[in-house]
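The values are calculated or read from the model by the stated rules, or taken from the named source; none is laboratory data. On a predicted model such as this, the values are computed, not experimentally measured, just so you know. So basically every Cβ, Gly included, is an ideal-geometry build from the backbone, and we count neighbours across all protein chains shown. The area values use the complete protein model at the heavy-atom level, side chains included, leaving out ligands, DNA and RNA. Shrake-Rupley method; radii C 1.70, N 1.55, O 1.52, S 1.80 Å.
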Amino acid sequence: EKGGFDHFMLKEIYEQPRAILDTFRGRLLANDGTIKMAGIDQNLEKFLNANRIIIVACGTSWHAGLVAEYIFEDLARIPVEVEYASEFRYRNPVITDKDVLIAISQSGETADTLAAIKLAKEKGAFVFGVCNVVGSSIARETNAGAYTHAGPEIGVASTKAFTTQITVLTLLALKLAKEKGVFNTTRFHEFLTELENIPSKVEKALLSNPLVEIISEVYKDSANCLYLGRGYNFPVALEGALKLKEISYIHAEGYPAAEMKHGPIALIDEHMPVVVIATNKGHYEKVVSNIQEIKSRKGKIIAVVTEGDVQVKELADHVIEIPETLESLTPLLTTIPLQLLSYHIAVMRGCNVDQPRNLAKSVTVE
Ligand code: F6R
């Protein structure tokens, strides 16, 4: 049932090229130059007339929502707010019938997310769901939606659900960018073509596995770990930290790289591993100077870089390469080595990777 893998988590990490492809299937029609998604086509006016999009979710799904915020604002020029469902539902939020709420949930059963949906519906918002489990409560409660086609996710730590959520939300953003006229045909085509390349690039990113295992051996006994990223990869840093803490029980924090100097830099010494996402697009030079700041305080640097990188290689203690892609698609690749890192460290520490202590796969109580 684990298909030759030791754990469901590793199997699911390796299923990502296929899961992303399945999520594209029948929707991404690069040859025709179109994106077809029934739930959006039927409700296009709601999206195009929306004052803003509010995204609600919990945990890893909330991180996918943060990536989506960057994508929607950057590509489709639609204002987005991302909220923890548990905060949103209790803070008397301002919601009108001009708002579109997107709820993201792998299980489709998360109590807080479900309650946020009910609240938004009462206030007249149009509610769109991005779920993995077909026929789940959230899928039924929303006005429309698009499923991720990740297949069953058994490991408690979410992996393929995350990348397929980003996939669906990227398709949605691109479709809206095209419909709004923000994108010309050439740019739209460039994205569609590159999206089609993503599954094979994820495959390539998975080739880092043996190297990531070696790096894991070096840091498996660390007490703490910092994850840094900027722009599109800030949410990936948060997700990397969540993966490490939930399955290996190492304290980890994700931060926007530039926030370091406002506090966390005080933590840096020779015992602090710092995972930095430093791909070649999007504030590369700024991330390089953040790396220098860590280096001069003797922090250990594990950097995720683009193939062929030169500058970061000279500074970092370890570098993990991912293939080149469009900046807004990098989260789909940079996430992979971080999933593997948390997996190996957890296994080396003797942790129950698929069923970490105190956690449940779906959180049906608030
Ligand atoms: C982390 C994890 C949790 C879930 C969260 C939301 O690996 O699995 O943080 O992401 O409980 O669950 P869903 O997406 O089912 O609403």
In the chain the DSSP beta bridges are antiparallel at a rate, in percent to nearest 5, of 5 percent
Dividing the helical contributions, -39500 (n - 2.57) per DSSP H run of n ≥ 4, by the residues of the chain yields a 222 nm value, nearest 500 deg cm²/dmol, of -13500 deg cm²/dmol
Largest-first ranking of HIS271, HIS7, HIS344 by accessible area, probe 1.4 Å, whole protein assembly kept, is HIS271, HIS7, HIS344
Label model pair LYS121, HIS262: point-to-point distance (7 angstrom along the Cα→beta-carbon line) in nm is 3.7 nm
To the nearest Å², the heavy-atom accessible area per residue of the chain with 1.4 Å probe amounts to 40 Å²
Whole-percent carbon and sulfur contribution to the accessible surface of the chain (1.4 Å, no ligands, DNA or RNA) stands at 49 percent
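Suppose we keep just the DSSP beta bridges with both residues in segment 228-366; what percent of those would be antiparallel, to 5?
So the antiparallel bridges in segment 228-366 amount to around 0 percent.
Taking K and R as +1 and D and E as -1, what net charge do the other residues with C-beta under 11 Å from the C-beta of PHE5 add up to?
Details: positive: LYS2, LYS11; negative: GLU1, ASP6, GLU12, GLU15, ASP354.
Taking every other residue near PHE5 into account, the sum is -3.
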Bounding extents of the chain in its principal axis frame from Cα atoms, largest first in Å, are 54, 46, 45
The set of residues whose placed amide H lies less than 5 Å from the amide H of THR34, leaving out same-chain residues fewer than 5 positions away, is LEU29
In nanometres, the difference between 0.36 nm per residue of separation and the alpha-carbon distance of THR96 and GLU293 is 66.4 nm
Relative contact order as a percentage, the chain, C-alpha pairs under 8 Å and 6+ apart, gives 19 percent
Computed over the chain: longest principal axis from alpha-carbon atoms vs helix 160-180 long axis, angle to nearest 10 degrees, is 50 degrees
Listed by chain and number, the lysines with an alpha carbon less than 17 angstrom from that of LYS286, same-chain partners under 8 positions apart left out, are LYS261, LYS295, LYS313
Once GLU194 and SER362 are pulled to full extension, the length gained, defined as 0.36 nm per residue separation minus their Cα-Cα distance, is 57.1 nm
Taking only the alpha carbons of segment 117-199, the radius of gyration and the largest Cα-Cα distance, Dmax, both in angstrom, are 15.3, 41
Measuring from the longest principal axis of the C-alpha atoms of the chain, the long axis of helix 331-348 (C-alpha) lies at a number of degrees, nearest 10, equal to 50 degrees
Placing +1 on each Lys and Arg Cβ and -1 on each Asp and Glu Cβ in segment 19-86, then taking the dipole about the Cα centre, the residue among ALA85, LEU66, LEU48 whose Cα reaches farthest towards the positive end is LEU48
In nm, the gap between the two label points placed 7 Å beyond Cα toward Cβ at GLU1 and LEU326 is 4.0 nm
Whole-Å distance linking the alpha carbon centroid of segment 99-159 with that of segment 233-277 is 28 Å
Listed by chain and number, the lysines with an alpha carbon less than 20 angstrom from that of LYS361, same-chain partners under 8 positions apart left out, are LYS2, LYS11, LYS160, LYS243, LYS245
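Can you give the direction-averaged projected area of the convex hull of the alpha-carbon atoms in segment 309-366, in nm²?
The Cα convex hull of segment 309-366, projected and averaged over all directions, gives 6.7 nm².
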So the angle from the long Cα axis of helix 185-206 to the longest Cα principal axis of the chain, reported in degrees to the nearest 10, equals 40 degrees
Label model pair ALA223, GLU203: point-to-point distance (7 angstrom along the Cα→beta-carbon line) in nm is 4.5 nm
With +1 on the Cβ of every Lys and Arg and -1 on the Cβ of every Asp and Glu, the dipole magnitude of the chain about its Cα centre, in debye rounded to the nearest 20, is 460 debye
